[in-house]
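Working notes, beginning with the structure itself.
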């Protein structure tokens, strides 16, 4: 959080006798607790001899440490029954870490089939943001039943998180953060962090607050370690311009800010500046991966939540509406062709060439569409910049259309022996590619203006435009200049 550091909080090299270059701490350091983890064989063979995972136990028999992500990979290859059995006999802390790494839908299935007491114990060991994400997907009655089994403090914390919009900063923030009082010295701050570390995720920063829990500054752990003895943290952050987000900020905006400032975490505050939690970079990475997948699926009309594990009948139900929309759009394109039935009857070669025009324009539009959707997902677009991007796509469409028109002219001339057919082919291709580029850039902006997901079925509407317009332009020019 380079912009939020203060030079007066750093030591002079002369004040560090015998000091070498500071040790570089990896982003995810191993803790003593990690080093003392039981190996996978003991995790998977203890207590429950009726469940057999000998292959997995043997595979990891010599491992001193199994990363939760590796454990989750293994669990995803097991049946639901074995997933439940395996998690039930792991330590609750290890089970919580593995569950947090599982696919969300799979984690929900596991929780629904675990004994409620066991499920509640696992949830209690999860970080609050991960626990809230999974609980949010459960039906309300089951969620309330599990929350009732937690201690009062944990239950209230999770209920508060569940009240936030899941796609906002409040919905993805972690409430386990380290707060420092302004009157702490550097030594006191380090001692405080050390005492808090056991119950917190590995922190990137410590957050300085006043007596009302209002955020007044942010300090990196490196600055604290290099601080002059006796330095007051309140003095170190005085005049600091703190970058934070409010709880209702969209998660994509949070991701954009983290990337812009190169922060590892972003503090979340309420409207009065009281700190509520922190959104970490690793959480945002997961979110952006999910958003990218959702955009890709949405472009073709598939449900953003669909996966290969989704029941096939549910997938049918989710896909059919957009397939019906696509059929209606295709009928519009077919009606354009029907309008020129007589022209096609007089020169059958037109029917051979016209799909080339529509397909090429469709590809041009898809390129513009993908660029625009990506930009909307990662950048803060004001209206002027957005429409300038559409103009840019139009310029690209004109130039690429002219280049392809030249190729199409000679190809159609050679194929038919008629230079006029080549001219019509080239002219139609250039016009439709221009239209495809502009449509590809505009459709996501129109969807956003209507309050819809810019990626939602954009490809279906783009194909309708490029096909219908391509057929009309090509057959119309042919009717005017050839027939």
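Every read-out reported here was derived from the displayed coordinates using simple, explicitly stated rules and does not represent laboratory data. Note that the structure is a prediction, hence the values are computed from the model and not measured. Positions of Cβ are backbone-derived with ideal geometry, glycine not excepted, and every protein chain shown enters the neighbour counts.
Taking every C-alpha pair closer than 8 Å and separated by at least 6 residues, the mean separation divided by the residue count of region 312-481 gives a relative contact order of 36 percent.
Label-to-label distance, residue 79 versus residue 246, with points set 7 angstrom from Cα along the beta-carbon direction: 5.2 nm. Each residue of region 276-327 gets 111 Å³ once the volume of the Cα convex hull is shared out per residue.
If the chain linking residue 167 and residue 351 were pulled fully straight, counting 0.36 nm for each residue of separation and taking away their Cα-Cα distance, it would gain 61.4 nm.
Once divided by 2.2 N^0.38 Å, the Cα radius of gyration of region 402-483 becomes 1.33. Whole angstrom only: what separates the Cα centroid of region 446-468 from the Cα centroid of region 351-424? Each part reduced to its Cα centre gives a spacing of 17 Å.
The smallest convex shape that holds all Cα atoms of region 119-213, its convex hull, gives 113 Å³ per residue. With distances taken between every two different alpha-carbon atoms, region 186-284 has a Kirkwood hydrodynamic radius of 14.3 Å. Over region 227-353, one equal point on each Cα, no solvent: what is log10 I(q)/I(0) by the Debye formula at q = 0.11, 0.17 Å⁻¹? Treating every Cα as an identical point scatterer, log10 I(q)/I(0) equals -0.70, -1.00. Spin-label pair residue 403-residue 335: with each label point 7 Å from Cα along the Cα-Cβ axis, the two points sit 3.7 nm from one another. Packing around the peptides 171-179, 240-248, taken as the average count of other Cβ atoms within 10 Å per residue, puts them in this order, highest first: 171-179, 240-248.
Rg over Rh for region 312-481 works out to 1.04, both radii taken from alpha-carbon positions and Rh defined as the Kirkwood radius. In the frame of its principal axes, region 379-439 has Cα extents of 52, 13, 12 Å, reported largest first.
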